[in-house]
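The values are calculated or read from the model by the stated rules, or taken from the named source; none is laboratory data. Quick caveat, the model's predicted, so the values are computed rather than measured. Note that we place each Cβ from the backbone using ideal geometry, even for glycine, and neighbour counts take in every protein chain shown. Calculation scope for accessible area: heavy atoms of the full protein, side chains included, ligands and nucleic acids excluded. Shrake-Rupley method; radii C 1.70, N 1.55, O 1.52, S 1.80 Å.
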Amino acid sequence: MPEAIVKKASERSLIHRIGKAALYAVLIVIALIQLFPIYWLALFSLKNNYEIFNLSPLALPQELRFENYIKVWTEGNIATYFFNSIFYTVSAVFLTILLGSMITFAITRLQWRGNKIVLGLFMLGLMIPIHSTLIPLFNTYTAIGLINHPLSLILSYTAFNMPVTIMILLGFYEALPHEIEEAAIIDGASIHQIFFRITLPMTAPVIATAAIINMIYNWNEFVFVNTFISSDELKTLTVGIQNFIGQYSTDWGAIGATLMFSIIPILIIFLILSDRIVEGIAAGSIKG
């Protein structure tokens, strides 16, 4: 009898190990599929036009042409576009997270008539297509002098990211315990002190999740930049790629290098905040 139990336990352990190995194999394959475009783009950015069109897409370049990166940084005005993208992205993310946290705090933690209606109005923003707002926004920004101005992008990014940000924060805020805030009120804390010193620090994990989602959208956005910004000094990386598309020729290696410049910061930030992002998603799903 003990031998049969040991045998069954051994079989279960073997099945468990096989299942775990199969799961890891599937995950590795999925990870390689996800990483393949980055690998291909890295090779693409180190080739010249002849190698791009005459060699296999996976073939290594005959010579690693890092001068493509130097060219786009020095001659293509990419440095200006790069720092413009950072400025617009950071400004819009900060404004969106701050206002979104305040709005979510007011809707979930304060009792006032019409809070559900206000929440519904914000959620309606999820159904508004960006392209349907271009003409009204362009006319509005023209009237108030914000065409070819950084605020036109920052305000647009903030407005269109607000519904998603509130939706991400909502479940986390609703599940936060009220006892800490009630104790702070008894101690004489104001609403502003409760929000900035107690509630906001407690929501750091979900804020990181919302921030990275906003950051990816702002960094990669093209339509608003192409519509509202005409000055070369105010453009971003997504629009700056057009500098290497000429009337008679196109420097594809330089375009690849520009694309690498555009994705590397997002990858670095994602790796830095990955633990926070997973923590925020897990906490929101459990508490919500």
Worksheet item: Given (1) open to solvent by 20 Å² or more (accessible area, probe 1.4 Å); (2) at negative phi; (3) in contact with a Leu (Cβ under 9 Å, 6 or more places away or on another chain); (4) in a loop (DSSP other than H, G, I, E, B), where does Ile147 come up short, assuming only one miss?
Response: (3)
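Going by what's in this entry, would Ala211 be described as within 19 Å of the chain's Cα centre (by Cα) and farther than 18 Å from Ala92 by Cβ? Spell out how you get there, then give the answer.
On the way: within 19 Å of the chain's Cα centre (by Cα): yes; farther than 18 Å from Ala92 by Cβ: no.
Spelling it out, it is not the case that Ala211 is within 19 Å of the chain's Cα centre (by Cα) and farther than 18 Å from Ala92 by Cβ.
Could you pull out the residue among Ile154, Ile117, Ile130 that is in contact (Cβ under 8 Å) with a residue 60 or more places away in the chain and open to solvent by 30 Å² or more (accessible area, probe 1.4 Å)? Can you show your working first?
On the way: Ile154 fails: open to solvent by 30 Å² or more (accessible area, probe 1.4 Å); Ile117 fails: in contact (Cβ under 8 Å) with a residue 60 or more places away in the chain.
Of Ile154, Ile117, Ile130, the one residue that is in contact (Cβ under 8 Å) with a residue 60 or more places away in the chain and open to solvent by 30 Å² or more (accessible area, probe 1.4 Å) is Ile130.
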Worksheet entry | Pro57 vs. criteria open to solvent by less than 20 Å² (accessible area, probe 1.4 Å) and outside the structural domain of Trp40 (by the TED database) | no
Worksheet item: Is it fair to say Asn161 is part of a loop (DSSP other than H, G, I, E, B) and of a type in the set (S, T, N, Q)?
Response: no
Practice prompt. Report, by residue number, each residue of the stretch 48-93 that is outside any helix (DSSP H, G or I), at pLDDT below 85 and under 15 Å from Thr258 (Cβ atoms).
Written response: Glu75, Gly76, Asn77
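State yes or no: is Ile212 open to solvent by less than 10 Å² (accessible area, probe 1.4 Å) and over 30 Å from Ile144 (Cα atoms)?
On the way: open to solvent by less than 10 Å² (accessible area, probe 1.4 Å): yes; over 30 Å from Ile144 (Cα atoms): yes.
For Ile212, the condition - open to solvent by less than 10 Å² (accessible area, probe 1.4 Å) and over 30 Å from Ile144 (Cα atoms) - is met.
If you take the residues in the stretch 37-47 that are farther than 12 Å from Phe66 by Cβ and not aliphatic (A, V, I, L, M), which one is least open to solvent (accessible area, probe 1.4 Å)?
Here is the first cut: in the stretch 37-47, the ones farther than 12 Å from Phe66 by Cβ are 37-41, 43-44.
In the following step, the residues that additionally are not aliphatic (A, V, I, L, M) were identified as 37, 39-40, 44.
Working: Pro37: 70, Tyr39: 111, Trp40: 93, Phe44: 30 Å².
Checking each candidate, the answer is Phe44.
For the stretch 236-258, how many residues are in contact with a helix residue (DSSP H, G or I) (Cβ under 7 Å, 6 or more places away or on another chain) and either over 15 Å from Val90 (Cα atoms) or part of a helix (DSSP H, G or I) (or both)? Can you show your working first?
Step one: list which residues in the stretch 236-258 are in contact with a helix residue (DSSP H, G or I) (Cβ under 7 Å, 6 or more places away or on another chain), which gives 236-241, 244, 250-258.
From the residues that got through so far, the ones that are either over 15 Å from Val90 (Cα atoms) or part of a helix (DSSP H, G or I) (or both) too are 237-241, 244, 250-258.
The total comes to 15.
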Worksheet item: Which residues, counting only those in the stretch 179-193, are without any contact (Cβ under 8 Å) to a residue 40 or more places away in the chain, touching a Lys or Arg at 6+ places or on another chain (Cβ under 9 Å) and either in a helix (DSSP H, G or I) or open to solvent by 50 Å² or more (accessible area, probe 1.4 Å) (or both)?
Response: Ala184
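Against the definition (out of contact with any Leu (no Cβ under 7 Å at 6 or more places or on another chain), of a type in the set (A, V, I, L, M) and assigned to a helix (DSSP H, G or I)), how does Ile107 come out, yes or no? Full working, then the answer.
Values: out of contact with any Leu (no Cβ under 7 Å at 6 or more places or on another chain): no; of a type in the set (A, V, I, L, M): yes; assigned to a helix (DSSP H, G or I): yes.
It is false that Ile107 is out of contact with any Leu (no Cβ under 7 Å at 6 or more places or on another chain), of a type in the set (A, V, I, L, M) and assigned to a helix (DSSP H, G or I).
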Response to the item:
If you go through Ile269, Ile263, Ile277, the only one that is in a helix (DSSP H, G or I), under 16 Å from the mean Cα position of the chain (by Cα) and modelled with pLDDT of 85 or more is Ile263
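Restricting to the stretch 82-98, name every residue that is of a type outside the set (Phe, Trp, Tyr) and either surrounded by fewer than 16 Cβ atoms within 10 Å (Cβ to Cβ) or not assigned by the TED database to the domain that holds Leu259 (or both). Explain how you work it out, then say what you get.
As a first pass, look at the stretch 82-98 and keep what is of a type outside the set (Phe, Trp, Tyr): 84-86, 89-93, 95-98.
Within the stretch 82-98, Ile86, Val90, Leu98 meet the criteria.
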Response to the item:
Result of the Cβ filter at 8 Å on the stretch 256-267, keeping first residues that are farther than 12 Å from Thr238 by Cβ and partners that are outside any helix (DSSP H, G or I), at least 6 apart or interchain, is Gly256/Leu46; Gly256/Lys47
Discussion item. Need the failing condition index for Phe196 against (1) in contact (Cβ under 8 Å) with a residue 12 or more places away in the chain; (2) surrounded by fewer than 19 Cβ atoms within 10 Å (Cβ to Cβ); (3) aromatic (Phe, Trp, Tyr), just the number.
Written reply: (1)
